[in-house]
Amino acid sequence: MNKLLEDTLTHLRALVGFDTRNPPRTIGTGGIFDYLRSALPGFDVQVTDFGAGAVNLYAVRGKPKYLFNVHMDTVPDSPHWTASPFELRVDGERAVGLGACDIKGAAAALVAVAHATSGDMALLLSTDEEANDARCIDGFLKTPRDYAAIIVAEPTKGEAVLAHRGIHSVQMSFSGRAGHASGEQKPSDSALHQAIRWGAAALDFVQDQSHERFGGLTGLRFNIGKVEGGIKANVIAPTADVRFGFRPLPSMDADRMLETFRTLVEPYPVTFGETFRGDSLPAGDTATAESRRLAARDIADELEIPVGNAVDFWTESALFSAAGFTSFVYGPGDIAQAHSADEWVALDQLQQYAQTIYRIVESGNA
């Protein structure tokens, strides 16, 4: 085990030991941020609390070209952990601990590199990614910054991910008229019948998108997650509530799709609105998505980071892209381990990531 990996594991052990579960979002400016402040001597460090467990640490040394972003919050631990999730275990070729894969391992490597080098470097460590509440990134973007690219750490098996799907969560409701179910019904009488007809039309629409492609991804991801309504079997349902989500390709117009979903069948839903929206990567004008993906590829190639395939999961890289930055995703670990019991990151990927960041910073390219 080389010195850089040893130092990375030392920092990872400390970072895993801090409870940054989100929820319950009881994250303040002390604790893990006190540790990070002390671990970044020579950096200009600013810590900003946006409330509700959303905290940024922005650390800069010199005049770097690139910004490395890592979220420090984790999902809650499941009851299936075989040991304390807050105690790092190095088990053969793996490091096991809550957040080790998603994505404190990358943060630990960045801190280790900061100690091992003296080159220019910029870090943004945030704590609200797992909440679907982009206070940290939104707050950071309110101040103009000048970076050639923003590299967001998520588990990508040590490859640069240049494109991923967007994510849109929607809640809508239908209105009917309560009555006895023995009589003939008009299409507008039962709110639940409206919801079911809408669901069938939505599934047909999604199937029609199966030929769409972008960066190795195919089709539209869609899920009806919850349907509620009605009173009992012999009463016409006066109300129905539907919650669904879809994940478009970067080349798909999300606003146009929202309007399509809203108007699939008549009568239209009486309420319809997004509860969460995350743009695709690259974000912005669908007509220029490919050119913006290629711009990110040029930077990954310049930094000698291997380029992988586009992915289905969403990241905050899209928020930076929407703000006009070139941004891509790069980190150690496999998304299959994220959010799982006994979450782990492979030591060889952790070492590869640390060595790559070391090379970038030491060469003066950061």
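The values are calculated or read from the model by the stated rules, or taken from the named source; none is laboratory data. Everything numeric here is computed off the predicted structure, so don't read it as measured data. All Cβ positions, even for glycine, are placed from backbone atoms using ideal geometry, and neighbour counts span all protein chains on display.
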Q: Would you point out the residue of segment 85-94, among those that are within 12 Å of residue 350 (Cβ to Cβ) and out of contact with any Lys or Arg (no Cβ under 7 Å at 6 or more places or on another chain), that is surrounded by the most Cβ atoms within 10 Å (Cβ to Cβ)?
A: 94
Q.
Every residue in segment 298-328 that is assigned to a helix (DSSP H, G or I) and surrounded by fewer than 18 Cβ atoms within 10 Å (Cβ to Cβ), please.
A. 298, 301, 302
Q: Name the one entry in 181, 200 that is more than 23 Å from residue 311 (Cβ to Cβ) and at pLDDT 95 or above.
A: 200
(Q) For segment 95-146, which positions are of a type in the set (Lys, Arg) and surrounded by fewer than 24 Cβ atoms within 10 Å (Cβ to Cβ)? (A) 135, 142, 145
**Q.** Checklist (1) surrounded by fewer than 17 Cβ atoms within 10 Å (Cβ to Cβ); (2) among the charged types (D, E, K, R); (3) in contact (Cβ under 8 Å) with a residue 12 or more places away in the chain; (4) under 25 Å from residue 139 (Cα atoms) applied to residue 61, failing item
**A.** (1)
Q) Of all residues in segment 195-237, how many are of a type outside the set (Ser, Thr, Tyr) and within 11 Å of residue 248 (Cα to Cα)? A) 10
Q. Which one of these does residue 27 not meet: (1) surrounded by fewer than 23 Cβ atoms within 10 Å (Cβ to Cβ); (2) in a loop (DSSP other than H, G, I, E, B)?
A. (1)
Q: Identify, from the list 186, 226, the residue that is among the basic types (Lys, Arg) and closer than 27 Å to residue 313 by Cβ.
A: 226
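Residue-wise test of (1) assigned by TED's automatic domain parsing to the domain that holds residue 311; (2) modelled with pLDDT of 95 or more; (3) in a loop (DSSP other than H, G, I, E, B).
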position: 210; (1), (2), (3): no, yes, yes
position: 223; (1), (2), (3): no, yes, no
position: 226; (1), (2), (3): no, yes, no
position: 242; (1), (2), (3): no, yes, no
position: 246; (1), (2), (3): no, yes, no
position: 251; (1), (2), (3): no, no, yes
position: 257; (1), (2), (3): no, yes, no
position: 272; (1), (2), (3): no, yes, no
(Q) Given (1) buried (at least 17 other Cβ atoms within 10 Å of the Cβ); (2) assigned by TED's automatic domain parsing to the domain that holds residue 132; (3) not polar (S, T, N, Q), identify the lone condition not met by residue 230. (A) (2)
Q. Give me the pairs: first residue in segment 284-311 and over 25 Å from residue 358 (Cα atoms), second residue polar (S, T, N, Q), beta-carbon distance under 6 Å, and six or more apart or on different chains, which are they?
A. 286/251; 289/251
Q. Do you know which residues across segment 92-106 are hydrophobic (A, V, I, L, M, F, W, C) and not in a helix (DSSP H, G or I)?
A. 95, 96, 98
Q | segment 309-350 - residue that is farther than 20 Å from residue 110 by Cα and among the polar types (S, T, N, Q) and, of those, modelled with the lowest pLDDT | A | 309
(Q) I'm trying to understand the selection: among the residues of segment 107-144, which are of a type in the set (Lys, Arg) and modelled with pLDDT under 95? (A) 135
Q: Mind listing just one residue for me: the one in segment 147-166 that is assigned to a loop (DSSP other than H, G, I, E, B) and more than 15 Å from the chain's Cα centre (by Cα) and, of those, surrounded by the most Cβ atoms within 10 Å (Cβ to Cβ)?
A: 158
(Q) Going residue by residue through segment 256-264, is there one that turns out to be crowded, with 16+ Cβ neighbours inside 10 Å, closer than 25 Å to residue 314 by Cβ and over 26 Å from the mean Cα position of the chain (by Cα)? (A) yes
